[in-house]
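To start, the structure under review is shown below, and the notes come after it.
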Amino acid sequence: MKNTHRIKVRALIVKDESVLLVRHEHHGRPPFWCFPGGFVESGEDLFNAIKREIREETEVVVSPRSVIALLEFKSENLLEVIFSCDYVSGKLKLGSDPDNPGIPTLVDAKWARIDELDRFKLLPVQLASLLKNGWDNLSSVELLQIKSKREVPTKDHVPGSL
């Protein structure tokens, strides 16, 4: 049976009332901020993938805690698994994004205060809006279905629990 979806992992990391964000600039898309992460490599489990991706992009060491959201991008056949992760160690430093070779697409990384997230063009907007309701409220998994990464997401989502 052929795989129908590629899989990415992303991390929501809270430290001192701030979340870790990375800024991307891709050809043909407006710049945006998102939670760090990337593709799961062949033979790699999700926990190792999220730890590796965060180290590559930010040099921060994390410990995955739980899955808080699943995002399905239908046009790209892409499933993103969003983990809540505990900050373990490391000083924030912009790393690289090996998923996008060539001209750097990863251009900034920062700790952003949760109460100031409205200042950032943060994607996916659905997860950003859930976060505004409080970090402690992210105890169940949300399944968010989005037509395409190239389209502006709507506030519609399909709630669900695993």
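The values are calculated or read from the model by the stated rules, or taken from the named source; none is laboratory data. Only a predicted model underlies this, so the values are computations on that prediction, with no experimental measurement involved. All Cβ positions, even for glycine, are placed from backbone atoms using ideal geometry, and neighbour counts span all protein chains on display. Note: accessible area is taken over every heavy atom of the protein model, side chains too, but ligands, DNA and RNA are not part of it. Shrake-Rupley method; radii C 1.70, N 1.55, O 1.52, S 1.80 Å.
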Output the number of residues of segment 6-61 satisfying the condition of being under 15 Å from Ser96 (Cα atoms) and of a type in the set (Asp, Glu).
5
Go through the residues of segment 63-86 one by one and say whether even a single one is more than 21 Å from Leu131 (Cβ to Cβ) and free of Cβ contacts under 8 Å to residues at least 40 places away in the same chain.
no
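For segment 1-46, give me the residue count where each residue is part of a strand (DSSP E or B) and touching a residue at least 60 places away in the same chain (Cβ under 8 Å).
Pass one, segment 1-46, residues part of a strand (DSSP E or B): 6-15, 18-24, 32-34, 37-39.
Then keep just the ones that are touching a residue at least 60 places away in the same chain (Cβ under 8 Å); that gives 6-15, 18-24, 32-34, 38-39.
Selection size over segment 1-46: 22.
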If only one of Glu56, Glu72 is open to solvent by 20 Å² or more (accessible area, probe 1.4 Å) and more than 14 Å from Leu127 (Cβ to Cβ), which one is it?
Glu56
Before we move on, is Lys149 assigned to a loop (DSSP other than H, G, I, E, B) and either at pLDDT 80 or above or touching a Phe, Trp or Tyr at 6+ places or on another chain (Cβ under 8 Å) (or both)?
yes
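Among the candidates Ser18, Ser63, single out the residue that is of a type in the set (Ser, Thr, Tyr) and under 18 Å from Phe120 (Cα atoms).
Working: Ser63 fails: under 18 Å from Phe120 (Cα atoms).
Result: Ser18 is the single residue among Ser18, Ser63 that is of a type in the set (Ser, Thr, Tyr) and under 18 Å from Phe120 (Cα atoms).
Being farther than 24 Å from Asp115 by Cα and of a type in the set (A, V, I, L, M) narrows it down to one residue among Leu21, Leu46, Leu92; which is it? Step through it out loud before you land on a result.
Values: Leu21 fails: farther than 24 Å from Asp115 by Cα; Leu92 fails: farther than 24 Å from Asp115 by Cα.
Exactly one of Leu21, Leu46, Leu92 is farther than 24 Å from Asp115 by Cα and of a type in the set (A, V, I, L, M), namely Leu46.
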Restricting to segment 106-129, give me the number of residues that are touching an Asp or Glu at 6+ places or on another chain (Cβ under 9 Å), modelled with pLDDT of 85 or more and surrounded by 18 or more Cβ atoms within 10 Å (Cβ to Cβ).
2
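Going through Ala112, Ala69 one at a time, which residue ends up being farther than 25 Å from Thr4 by Cβ, in contact with a Leu (Cβ under 6 Å, 6 or more places away or on another chain) and part of a strand (DSSP E or B)?
Details: Ala69 fails: farther than 25 Å from Thr4 by Cβ.
Among Ala112, Ala69, only Ala112 is farther than 25 Å from Thr4 by Cβ, in contact with a Leu (Cβ under 6 Å, 6 or more places away or on another chain) and part of a strand (DSSP E or B).
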Single unsatisfied condition, Leu78 versus (1) within 17 Å of Arg150 (Cα to Cα); (2) within 12 Å of the chain's Cα centre (by Cα); (3) not polar (S, T, N, Q)
(2)
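Output yes when any residue across segment 95-104 is modelled with pLDDT of 85 or more and surrounded by fewer than 18 Cβ atoms within 10 Å (Cβ to Cβ), and no when none is. Can you show your working first?
Pass one, segment 95-104, residues modelled with pLDDT of 85 or more: 95.
Imposing the further condition that a residue be surrounded by fewer than 18 Cβ atoms within 10 Å (Cβ to Cβ) reduces the set to none.
Scanning segment 95-104 turns up no residue that is modelled with pLDDT of 85 or more and surrounded by fewer than 18 Cβ atoms within 10 Å (Cβ to Cβ).
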Expected single match for modelled with pLDDT of 90 or more, loosely packed, with under 14 Cβ neighbours inside 10 Å and of a type outside the set (Lys, Arg) among Val88, Val61, Val40 is Val88
